[in-house]
Amino acid sequence: MYLTFLGTCAGTPSLQRNVTAIALTLPAAGDWLFDCGEATQHQYMRSALKPGKLEKIFITHLHGDHIFGLPGLLTSRSMSSISQPLTVYGPAGIRAFIDNALSLSGSWVSFPLEIIEIDEGVIFDDGGYRVTAFPLSHVVPCFGYRIEQYDKPGYLDAARLKAEGIPSGPWFQQLKQGATIILPDGRHVAGRDYLGPAIKGKSVAIFGDTAPSAAGRLLAENVDVMVHETTLEAAMAEKANSRGHSTTVQAACTARDAGAKRLIATHFSSRYGTGDMPRLLAECQSVFPATELAYDFAVFEI
Ligand SMILES: [Zn+2]
Ligand SMILES: [Zn+2]
């Protein structure tokens, strides 16, 4: 599982950073995109990601720096003859934004496009992954997304099965699922007796723009990786919070209080250049040492 940061700037882009977009690459489930700021399709081309693998887009809120890239990404995906379906999740209004942008510009998409306007709670669950939306504290309705991979059965001990004279065959698939099978010679074999410990699923919390909020702790509770905005430095808490944003230290406090294992900070004000990053990182790490800062095209393995 990988996170690829396509844009890490808040509000307006800078020469070093584009506006927000984060791709989550999931084994056997394609790529999911979280937010789609202007020129995300350009960033896509400069990354190792392939638009044809994009299956879902989750929008945190309707501010321009999080959605202005949608019409271009959708229509270019269509012009590239990609036919795989795409689902867009987002707060109320996301459907009108996409429909109006496409219809007023005389555009359309050639692939099945589903737009789902969400409320808080579980918004997706296919038995492999579950996505839960949490309402955050911003100046417009904004959600954070908790992505949880289900635990997988442990590895089948094929050597032990062989040692006990159980022949390999199509029933191995069922044994891997923990099922009990009956061999051609009549023996009953319970798969669960031959499975190692369950493989723990990964969990990721991707915040939208937000001031510190009670929901943040639940959103990121014990996650493997938490992605949180750090729009401004610690000394500018009042300004950040009055605009529905967080500081470095506030993001780090949420990570610590939620029991997150790692924090990746992103969504930095364009006032900050490369030279400011060590200072912002130090502010986060003063509270939560397991912090890393995102930058455009950074890839983090989860
Ligand atoms: Zn923003
Ligand atoms: Zn915003």
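The values are calculated or read from the model by the stated rules, or taken from the named source; none is laboratory data. Remember, predicted model here, so these are calculated numbers, not experimental data. Positions of Cβ are generated from backbone atoms using ideal geometry, with glycine treated the same way; all protein chains shown enter the neighbour counts. Ligands, DNA and RNA are stripped out before the accessible areas are found, and what is left, the full protein with its side chains, is counted by its heavy atoms. Shrake-Rupley method; radii C 1.70, N 1.55, O 1.52, S 1.80 Å.
A count restricted to region 225-249 and to residues that are assigned to a helix (DSSP H, G or I), of a type in the set (Ser, Thr, Tyr) and within 14 Å of ligand 2 (Cβ to nearest atom) stands at 1. Applying the condition of being surrounded by fewer than 24 Cβ atoms within 10 Å (Cβ to Cβ) and away from ligand 2 (no atom under 14 Å from the Cβ) to region 200-212 and asking which residue is nearest to residue 145 (Cα to Cα) yields 203. For region 1-21, filtering for residues that are away from ligand 1 (no atom under 12 Å from the Cβ) and part of a strand (DSSP E or B) leaves 5.
Starting from region 135-146, keep only residues that are closer than 13 Å to residue 58 by Cβ, then list their pairs with residues that are open to solvent by 30 Å² or more (accessible area, probe 1.4 Å) and within 12 Å of ligand 1 (Cβ to nearest atom) whose Cβ atoms are within a distance under 9 Å, requiring at least 6 positions of separation or different chains. Cβ pairs passing all conditions: 142/62; 142/63.
Checked against the criterion of being of a type outside the set (S, T, N, Q), within 16 Å of ligand 1 (Cβ to nearest atom) and within 25 Å of residue 201 (Cα to Cα), region 168-177 has no qualifying residue.
In region 138-188, of all residues being open to solvent by 60 Å² or more (accessible area, probe 1.4 Å) and of a type in the set (S, T, N, Q), the one that is farthest from residue 224 (Cα to Cα) corresponds to 168. For region 245-263, a tally of residues being away from ligand 1 (no atom under 16 Å from the Cβ), within 24 Å of residue 66 (Cα to Cα) and of a type in the set (A, V, I, L, M, F, W, C) returns 4. Of all residues in region 58-97, those that are in contact with a helix residue (DSSP H, G or I) (Cβ under 6 Å, 6 or more places away or on another chain), within 30 Å of residue 245 (Cβ to Cβ) and more than 15 Å from ligand 1 (Cβ to nearest atom) total 3.
Scanning region 79-119 for residues that are assigned to a strand (DSSP E or B) and aliphatic (A, V, I, L, M) yields 86, 88, 113, 115, 116. For region 33-52, the condition of being assigned to a strand (DSSP E or B) and open to solvent by less than 20 Å² (accessible area, probe 1.4 Å) holds for at least one residue. Would you point out the residue of region 185-224, among those that are more than 16 Å from ligand 1 (Cβ to nearest atom) and assigned to a strand (DSSP E or B), that is farthest from residue 237 (Cα to Cα)? Per the stated criteria, the residue is 188.
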